[in-house]
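K.L.:
Take a look at the following structure, please.
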Amino acid sequence: MIPKKIHYCWFGGHPKHELAEHCIASWKKIHPDFEIIEWNETNAPLEDNEYVKEAFAQKKWAFVSDYVRSKVMYEHGGIYMDTDMELKLPLDEFLNEKAICGFEVKGVPYSAFWMAEPKHQLSKDFVAYYDQQQHFVERINTDIFSEMLEKEYGADRYSDTIQKLRHGVTLYPSIYFSQDLPKNYVSHHFNGSWFGGDEENTHKKMVNVYGLLEQLINSPDAAKSVNAVINEHKIIDVNKLLDLIPKDKIKEYLKQ
């Protein structure tokens, strides 16, 4: 069983920004009975391997958290969330699973949200990846996670659906733990160390636009459904929908 613990990382010693405070407050509101653990310079495993030691020395906090989340999830189990993830519905129904994760968008399973039992194979494999690195290399965690799920666990990264993978891992669609929808479990606001300035908002818009395009393709009443989401969220003007997506992404999507 997955323990009632929520882990997050906060390195660098700077005060939490408003979004982080808002998201952490949402965790406490939805799950007041869960233990919430902050991993930072005072308690995190920062001497385990060359990767994390070098990343920490270079103050690459996002990459430090990549290793730390893997290790604490292996040792303790529970739930990992980035501090830009807002919890909107209780997660109790997933606690009986061995491990779960979700898509950011079609083609991109990611580790910003992740649940697992202690000592689970997925966490173990993730830790092993970093232990095997002779030096710190800037490779985004999402790429590593997606590749591992596809090659080692049998995930179809181009099927944004519920998938039962090896070792009891369940991979959930992006509507569960990523998109900013009126009613889902987690919304990812993409305000992390990977982005800067307007790029954060553009990436979030692109994720949500992807969700709208999925509805456009799959919904029997697509036009009405898409317009309802756009009008309710005021994400973008419907006439500017495609303008927000890079043309190469549109071409790649249409090839699927």
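The values are calculated or read from the model by the stated rules, or taken from the named source; none is laboratory data. Treat the numbers as computed from the prediction; the structure is a model and nothing was measured. With ideal geometry, Cβ positions are generated from the backbone for all residues, glycine too; neighbour counts draw on all protein chains shown.
K.L.:
Look through Asp82, Asp48 and report the one residue that is touching a residue at least 40 places away in the same chain (Cβ under 8 Å), in the same structural domain as Ala155 (by TED's automatic domain parsing), surrounded by 15 or more Cβ atoms within 10 Å (Cβ to Cβ) and within 22 Å of Leu181 (Cβ to Cβ).
P.N.:
That would be Asp82, the only listed residue that is touching a residue at least 40 places away in the same chain (Cβ under 8 Å), in the same structural domain as Ala155 (by TED's automatic domain parsing), surrounded by 15 or more Cβ atoms within 10 Å (Cβ to Cβ) and within 22 Å of Leu181 (Cβ to Cβ).
K.L.:
Give the residues of region 1-29 that are among the charged types (D, E, K, R) and either touching a residue at least 60 places away in the same chain (Cβ under 8 Å) or within 21 Å of Lys60 (Cα to Cα) (or both), sorted by residue number.
P.N.:
The answer is Lys4, Lys5, Lys16.
K.L.:
Could I ask something else about it? Within region 1-76, considering only helices (runs of 4 or more DSSP H) that don't extend past its boundaries, which have at least 1 residues that are of a type in the set (Phe, Trp, Tyr) and touching a helix residue (DSSP H, G or I) at 6+ places or on another chain (Cβ under 7 Å)?
P.N.:
Output list reads 50-57, 61-76.
K.L.:
Return the residue satisfying two criteria in turn: it lies in region 51-79 and is buried (at least 24 other Cβ atoms within 10 Å of the Cβ) and of a type in the set (Ser, Thr, Tyr), and of such residues it is farthest from Tyr129 (Cα to Cα).
P.N.:
Ser65
K.L.:
Of the numbered conditions (1) among the hydroxyl-bearing types (Ser, Thr, Tyr); (2) modelled with pLDDT of 95 or more; (3) under 21 Å from Lys71 (Cβ atoms), Ser146 satisfies every one except a single condition; which is it?
P.N.:
(2)
K.L.:
Just checking, does region 121-129 include any residue being assigned by TED's automatic domain parsing to the domain that holds Val52, farther than 25 Å from Lys5 by Cβ and not charged (D, E, K, R)?
P.N.:
no
K.L.:
So, one more: For region 77-122, enumerate the residues that are of a type in the set (Gly, Ala, Ser), assigned to a strand (DSSP E or B) and over 11 Å from the mean Cα position of the chain (by Cα).
P.N.:
Within region 77-122, Gly78, Ala99, Ala116 meet the criteria.
K.L.:
If I go through region 25-51 residue by residue, how many of them are among the hydroxyl-bearing types (Ser, Thr, Tyr) and more than 20 Å from the chain's Cα centre (by Cα)?
P.N.:
Of the residues in region 25-51, 2 are among the hydroxyl-bearing types (Ser, Thr, Tyr) and more than 20 Å from the chain's Cα centre (by Cα).
K.L.:
Sticking with this one: Residues that are assigned to a helix (DSSP H, G or I) and surrounded by 21 or more Cβ atoms within 10 Å (Cβ to Cβ): does region 163-175 have at least one?
P.N.:
Checked against the condition, which is being assigned to a helix (DSSP H, G or I) and surrounded by 21 or more Cβ atoms within 10 Å (Cβ to Cβ), region 163-175 yields at least one hit.
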